[in-house]
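Asker: Structure provided below as structure tokens; questions to follow.
The values are calculated or read from the model by the stated rules, or taken from the named source; none is laboratory data. None of the values given here were measured: they were computed from a predicted structure. Here the Cβ is made from the backbone with ideal geometry for all residues, glycine too, and neighbour counts use every protein chain on show. These area figures cover heavy atoms from the full protein model, side chains too; ligands, DNA and RNA do not enter into them. Shrake-Rupley method; radii C 1.70, N 1.55, O 1.52, S 1.80 Å.
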Amino acid sequence: MYTPSTTEYQLIDGARKSLQRLHQTISELDDTTYTRQSVALPGSTIGKHVRHIIEHYLLLINAITSGKQPISVNYASRRRDVAIETSVQNGMDAILSVADPQLTVCLDLLNKPDLSLRTPVRVTDTLPSGMESALMSTLGRELWFCTHHMVHHNAIIASLLHEAGRQAPQEFAYAPSTVKHNHSQGQP
């Protein structure tokens, strides 16, 4: 069983807490703000970034829970579910569906002998040239990728909130290493 001091627990708990912060942040929005087009990033909306974050997690979780070996995830094959990006309620529901039951299933699966953070994962995505390519990774690296990837999208969401005259919660858009450094320097 994993305890709070294990890397497995920390990865899943970190993802869960980050998703809960995202949920709390968007719960205070109306659909107009959620779907407001950015001035600085044309075509970008808070809802589109929420959908993008959720779809990365879902692709990885579905690959893990499929039972297929080797684990294979194609981040280029996202559904691009418009319902998540156009409705705050749908976005919150999608976040909760990932944050609790699905991440808990992943932690449970990591308790089984055939899965570990070192389990190989074949990752396919689109390169800058437009070509799709497969690379090898590990389950731990991909769990961390999804959370760290969310931090960068949260930074964009924070900018979009600013454009809408709102403020993101403190530390919402900062990587754990930045938060740790700031705390070591006596900064909030």
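Asker: Evaluate the distance, in nm, between pseudo-label points positioned 7 Å from the Cα of Ser116 and of Gln167 along their respective Cα→Cβ axes.
Answerer: Each label point is offset 7 Å from its Cα along the Cβ direction, giving 4.7 nm.
Asker: Can I ask one more? Give the carbon-plus-sulfur fraction of the accessible surface of the chain in %, rounded to a whole number; probe 1.4 Å, heavy atoms of protein chains only.
Answerer: Percent of accessible area from carbon and sulfur atoms in the chain: 54.
Asker: Share of antiparallel DSSP beta bridges in the chain, in percent to the nearest 5?
Answerer: Around 65 percent antiparallel, to the nearest 5.
Asker: Taking the solvent-accessible surface of protein heavy atoms with a 1.4 Å probe, what is the per residue accessible area of the range 29-159 in Å²?
Answerer: So the range 29-159 comes to 49 Å² accessible per residue, rounded to a whole number.
Asker: Follow-up. Of all alpha-carbon pairs in the range 46-188, indicate the percentage at a distance above 18 angstrom.
Answerer: So the portion of pairs separated by more than 18 Å is 63 percent.
Asker: Express in nm, to one decimal, how much length is gained between Lys180 and Asp108 on full extension, taking 0.36 nm for each residue of separation and deducting their alpha carbon distance.
Answerer: Computed gain between Lys180 and Asp108 is 23.1 nm.
Asker: Expressed in nm to one decimal, what extension gain is obtained for the pair Gln24 and Thr124 from 0.36 nm per residue of sequence separation less their Cα-Cα distance?
Answerer: Result for the pair: 32.9 nm of gain on full extension.
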